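Peer 1: Before anything else, here's the structure in question.
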Amino acid sequence: MKFASTLSAITLATTLAAAPAMATDWTGFYVGGQLGYSDVETSSASGDDVSFGIQAGYDHQFSNNMVLGGEVAYSYSDTSLSRGQGDFKDSIALKGRLGYAHNDFLFYGTAGIVRGEVDGGSINSSDNGVVYGVGMEYMISQQVSLGFEVLQSEYDSFGNSGRALRDTSAAVKVNYRF
């Protein structure tokens with residue numbers, strides 16, 4: 001009896017070890033939300049605050065597990081800058097992303113263009129910049145993924161003020177995939 005149990009356990013373990021892992025396909029559209037932290041700096045002021053937003057995009061996974069995609073993301077933070085230089089209100093970014101899928105994980109780099117807005121104080125305008133960063137996502141189910149992303153947004157001369165502005169953010173993201 002003990003021999004049969006041991007043989008059954010070895011057979012089960014061998015079968016499970018030899019079974020291929022369930023492949024996750026990252027191809028498709030997605031929409032989601034994000035919650036994070038934003039740290040904004042200019043040459044003479046800074047501020048940090050909680051940020052939240054929404055995103056939508058599309059990914060395509062190739063046979064070699066490379067994933068190519070694009071995303072549009074809106075983030076709101078209302079970060080008050082020191083020295084009365086206003087509030088960094090929000091940003092909208094259009095990003096490409098290139099990554100590698102491994103089982104239920106997706107590791108990626110991202111880059112694109114961003115438009116941000118500062119309201120009040122000595123800077124009161126919108127400006128365009130660049131955004132880049134890294135992230136990872138984990139497929140919780142066939143339609144829901146949970147991720148983490150760190151981004152750097154840079155504006156050379158915000159609102160023609162001659163002042164550079166940099167927004168460093170980190171966010172947890174949840175996406176619904178279809």
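The values are calculated or read from the model by the stated rules, or taken from the named source; none is laboratory data. Every value quoted in this text rests on a predicted model; they were computed, and no experiment measured them. Glycine gets a Cβ as well: all are built from the backbone with ideal geometry, and neighbour counts include every protein chain shown. These accessible areas exclude ligands, DNA and RNA; they are computed on the full protein's heavy atoms, side chains included. Shrake-Rupley method; radii C 1.70, N 1.55, O 1.52, S 1.80 Å.
Peer 1: Quick one: in the range 157-173, which of the residues that are assigned to a loop (DSSP other than H, G, I, E, B) and in contact with a strand residue (DSSP E or B) (Cβ under 7 Å, 6 or more places away or on another chain) is farthest from residue 129 (Cα to Cα)? Outline the logic, then answer.
Peer 2: First, the residues of the range 157-173 that are assigned to a loop (DSSP other than H, G, I, E, B): 157, 161-164.
Cutting the leftovers down to in contact with a strand residue (DSSP E or B) (Cβ under 7 Å, 6 or more places away or on another chain) gives us 163-164.
Working: 163: 13, 164: 10 Å.
My answer is 163.
Peer 1: Hey, can you tell me all the residues within the range 63-86 that are farther than 17 Å from residue 35 by Cβ, among the small types (Gly, Ala, Ser) and within 16 Å of the chain's Cα centre (by Cα)?
Peer 2: We begin by selecting, within the range 63-86, every residue farther than 17 Å from residue 35 by Cβ; these are 63-70, 72, 80-86.
Checking which are among the small types (Gly, Ala, Ser) leaves us with 63, 69-70, 80, 82, 84, 86.
Passing the criteria: 69, 70.
Peer 1: Which ones in the range 87-113 are over 16 Å from the mean Cα position of the chain (by Cα), of a type outside the set (D, E, K, R) and open to solvent by 10 Å² or more (accessible area, probe 1.4 Å)?
Peer 2: 102, 103 - these are the residues of the range 87-113 that are over 16 Å from the mean Cα position of the chain (by Cα), of a type outside the set (D, E, K, R) and open to solvent by 10 Å² or more (accessible area, probe 1.4 Å).
Peer 1: Find all pairs meeting these conditions: Cβ atoms under 7 angstrom apart; at least six residues apart or on different chains; first residue within the range 58-71 and free of Cβ contacts under 8 Å to residues at least 60 places away in the same chain; second residue in a strand (DSSP E or B) and of a type in the set (S, T, N, Q).
Peer 2: 67/61; 71/55
Peer 1: Okay, moving on. Assuming residue 90 fulfils every condition listed in (1) of a type in the set (Asp, Glu); (2) in contact with a helix residue (DSSP H, G or I) (Cβ under 9 Å, 6 or more places away or on another chain); (3) closer than 16 Å to residue 170 by Cα apart from one, which condition is it?
Peer 2: Only one criterion is unmet by residue 90, namely (2).
Peer 1: Would you tally the residues in the range 144-165 being over 15 Å from residue 95 (Cα atoms) and modelled with pLDDT of 95 or more? Can you show your working first?
Peer 2: So in the range 144-165, the residues over 15 Å from residue 95 (Cα atoms) come out as 144-148, 155-165.
Filter once more, keeping what is modelled with pLDDT of 95 or more: 144-148.
Residues flagged as over 15 Å from residue 95 (Cα atoms) and modelled with pLDDT of 95 or more within the range 144-165 amount to 5.
Peer 1: A follow-up question, please. Which residue pairs have Cβ atoms closer than 8 Å, lie 6 or more positions apart in sequence or on different chains, and pair a first residue in the range 44-57 that is free of Cβ contacts under 8 Å to residues at least 60 places away in the same chain with a second residue that is assigned to a loop (DSSP other than H, G, I, E, B) and of a type outside the set (A, V, I, L, M)?
Peer 2: 45/82; 45/83; 45/85; 46/82; 47/82
Peer 1: If I filter the range 22-49 down to residues being of a type in the set (A, V, I, L, M) and open to solvent by 70 Å² or more (accessible area, probe 1.4 Å), which single residue comes out as modelled with the lowest pLDDT?
Peer 2: 22
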